[in-house]
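What follows is a short report on a single structure.
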C-alpha cells in the first residue's frame with residue numbers, strides 16, 4: 001500500500017514535470033519569431049547589425065523567462081517535491 | 001617609462017593576490033569537502049555549517065562563500081585598476097578602468113537619462129558581481145548565481161530601488177499608479193508589481209541553473225558512454241571517463257561564459273529599465289518646479305514686507 | 001556535510017546577499033568610479049588649460065602677424081612714395097634738361113641763322129660790288145667799242161648768265 005502511494009507520488013511528479021516543460025514550446029516559437037524578424041531587419045539594413053543583434057538577444061532573454069519558469073517548476077517537481085510529499089505521507093501514516 | 005617603486009610593485013602583488021587567492025581557497029575548500037565517490041548529481045550548494053538564528057537557521061553555504069570570494073576579487077580588481085592613476089601617458093589598466101567607467105556611463109545615460117547618473121557605480125557592481133559569479137563555474141566552483149537566495153537578494157534590492165523611486169512623488173501618487181488604466185485592475189497591478197523581483201530572480205537563476213543541469217546531464221551521459229565503450233580496458237583505466245574530456249568544455253563556453261555574461265547584462269538592463277520606468281519623471285519635475293516657484297514668491301513677499 | 005535542495009529559500013541568505021551587493025556598490029563607487037571620474041575630470045581640466053594657453057598663443061601670433069603685415073604694408077607704401085618722388089624729380093630734371101637743351105639748340109640755330117643772314121648780306125654786298133665792278137668795266141668796254149644791236153644782245157645775255165652763275 002505504502003509502496004503504491006510512493007509510486008503514485010513519484011510518477012505524478014515526473015508526469016507533472018514533463019507536462020510543465022510543454023511551456024518550452026512558447027519561448028521556442030517566440031524566439032524563433034524574434035530571430036526571424038532580426039534576420040529580416042539585418043537583411044534590410046546591414047549597417048544596423050550590432051544594435052539589432054543586441055536588442056534581439058535582450059528580447060530573447062526576456063522571452064525565455066516563461067520557459068525558465070516551467071524549468072523551475074519541473075526541477076521543483078523532480079528534485080524537491082517527491083521528498084516533501086513522501087515525508088508528508090510518512091508523517092500522516094505514522095500519525 | 002618611469003621605474004616603478006618597490007612599494008608600487010608590492011601593492012600590485014597584494015592586489016593580484018586579492019584577486020586570485022579567494023578562488024584558490026574556494027577550490028581547496030571544495031576539494032576538501034567533496035566526498036570521494038560522489039558522482040555527478042544535481043543538487044544545491046553545499047552547506048558548510050549552520051548558525052542558529054531567530055526565524056530560520058542561517059546556512060553558510062558554498063554559494064555564500066563563493067560570492068564573498070567574488071566580492072573580494074572584484075574589490076581587488078577595482079584597487080588594481082585604479083592603482084597609479086595618471087592624467088597622461090596612462091597605463092593599460094587605466095585604459096581599462098576608464099573604458100569600463102565610460103561605457104557604463106554611456107549605457108546608463110542612454111537607457112535611464114541624465115537624472116540617474118549616480119546609478120552608474122551600482123550598475124558596474126551588479127554587472128561585475130553577476131558576471132563573475134557565473135564565471136566561477138569555469139574554475140569548477142559552484143556558481144553563486146545558481147542559488148536562488150543570492151539572486152533573490154539582488155532582485156529584492158532592485159525592487160527596493162524601484163519602489164523608492166516610485167515613492168519620490170509621495171505615497172498618494174504611488175498608490176494612484178495602481179488604479180491605472182482602470183480602477184478594478186488594482187489587484188492585478190499589485191501582483192505584477194511584486195512579480196517583478198520574482199521574475200528577475202528566477203530568470204537569472206533559471207538560466208544559470210539550466211546550463212548547469214544540461215552540463216551535468218551531458219557529463220553523466222558521457223560517463224555512461226565511456227563506461228560502455230572503454231570498460232574492457234584493464235584495471236583502473238576502464239574507470240576513467242575519457243569521453244568527458246572535450247565536449248563539456250565546449251558547452252561550458254556557451255552555458256557559462258555567453259549565457260552568464262548575457263544574463264548579467266540583462267539583469268543590469270532590466271534594473272535600469274524598471275527603475276527609470278517607475279520614476280514619475282514629469283510629475284516629479286513639475287512638483288519640484290512648483291515648489292521652487294512657491295519658494296521664490298515667498299521670498300519676494302518677505303523681501304517686500 | 002549536506003547539500004541544499006536545488007531550490008530552497010533562506011531569509012538570512014537573501015539578506016546577506018542583498019547586503020553584499022550594497023557593500024560592493026559602495027566599494028566600486030569609492031574605489032573605482034570616483035577615482036576614475038576624478039582623473040577624467042583632471043585631464044579635462046588640464047586639456048582645458050592647455051587649450052586656453054594654445055588659444056592665447058594663437059591670438060598672440062595672429063596679433064603679431066597683423067602687426068607685421070601692417071608694418072610691411074607701411075614699408076611698401078613708403079617705398080612706393082620714395083620711388084614716386086624719385087621718378088618725379090627725375091622726370092622734372094630730365095624735362096628741365098630737355099628744355100634747356102632745346103633752348104640751347106634754338107639759340108644755336110638762331111645764331112646760325114643770324115650768321116647765315118650776315119654771311120648772305122656779306123655775300124650780297126660782295127656781289128653788288130662785283131656787279132658794280134663788272135658794270136663799270138662793261139661800261140668802260142661799251143664806251144671803248146661801238147656797239148651794234150646783236151653784240152648788244154649777246155652782251156646782255158652773257159652778263160645775265162654771269163650774274164646767274166655768280167648768284168648761285
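The values are calculated or read from the model by the stated rules, or taken from the named source; none is laboratory data. Quick caveat, the model's predicted, so the values are computed rather than measured. Cβ: placed from backbone, ideal geometry, glycine included. Neighbour counts: every protein chain shown.
So that you can scan it fast, the table gives a plain yes or no per residue for (1) at pLDDT 85 or above; (2) surrounded by 12 or more Cβ atoms within 10 Å (Cβ to Cβ); (3) touching a strand residue (DSSP E or B) at 6+ places or on another chain (Cβ under 9 Å):
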residue: B:223; (1), (2), (3): no, yes, no
residue: B:234; (1), (2), (3): no, no, no
residue: B:241; (1), (2), (3): no, yes, no
residue: B:276; (1), (2), (3): yes, yes, no
residue: B:281; (1), (2), (3): no, yes, no
residue: B:295; (1), (2), (3): yes, no, no
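Suppose we filter C:77, C:45, C:5 for residues that are at pLDDT below 90 and either in a helix (DSSP H, G or I) or within 11 Å of chain B (Cβ to nearest Cβ) (or both); which single one remains? One residue alone meets the criteria, C:5.
Residues checked against (1) modelled with pLDDT of 85 or more; (2) part of a helix (DSSP H, G or I); (3) within 12 Å of chain C (Cβ to nearest Cβ):
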{"residue": "B:155", "(1), (2), (3)": "yes, yes, yes"}
{"residue": "B:160", "(1), (2), (3)": "yes, yes, yes"}
{"residue": "B:165", "(1), (2), (3)": "yes, yes, no"}
{"residue": "B:190", "(1), (2), (3)": "yes, yes, no"}
{"residue": "B:196", "(1), (2), (3)": "yes, yes, no"}
{"residue": "B:213", "(1), (2), (3)": "no, yes, yes"}
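A single member of B:108, B:101 is more than 10 Å from chain C (Cβ to nearest Cβ), within 20 Å of the chain's Cα centre (by Cα), over 27 Å from residue B:26 (Cβ atoms) and not in a loop (DSSP other than H, G, I, E, B), and it is B:108. Look at (1) part of a helix (DSSP H, G or I); (2) facing chain C (nearest Cβ under 8 Å) and you find that residue B:85 fails only one, number (1).
Got at least one residue in the stretch B:58-74 being surrounded by fewer than 17 Cβ atoms within 10 Å (Cβ to Cβ) and either free of Cβ contacts under 8 Å to residues at least 12 places away in the same chain or part of a loop (DSSP other than H, G, I, E, B) (or both)? No, the stretch B:58-74 has no match at all. Kindly evaluate residue B:262 against the criterion of being at pLDDT 80 or above, surrounded by 15 or more Cβ atoms within 10 Å (Cβ to Cβ) and under 27 Å from the mean Cα position of the chain (by Cα). Yes: the conditions hold for residue B:262. Specify the residue that is modelled with the highest pLDDT; the eligible residues are those in the stretch B:32-50 that are more than 8 Å from chain C (Cβ to nearest Cβ) and part of a strand (DSSP E or B). In this case the residue turns out to be B:50. Checking the stretch A:43-60 against the condition returns no match, with no residue being more than 14 Å from every other protein chain (Cβ to nearest Cβ), within 30 Å of residue B:260 (Cβ to Cβ) and in contact (Cβ under 8 Å) with a residue 40 or more places away in the chain. Considering B:264, B:249, the condition of being within 12 Å of another protein chain (Cβ to nearest Cβ) and part of a helix (DSSP H, G or I) is satisfied by B:264 alone.
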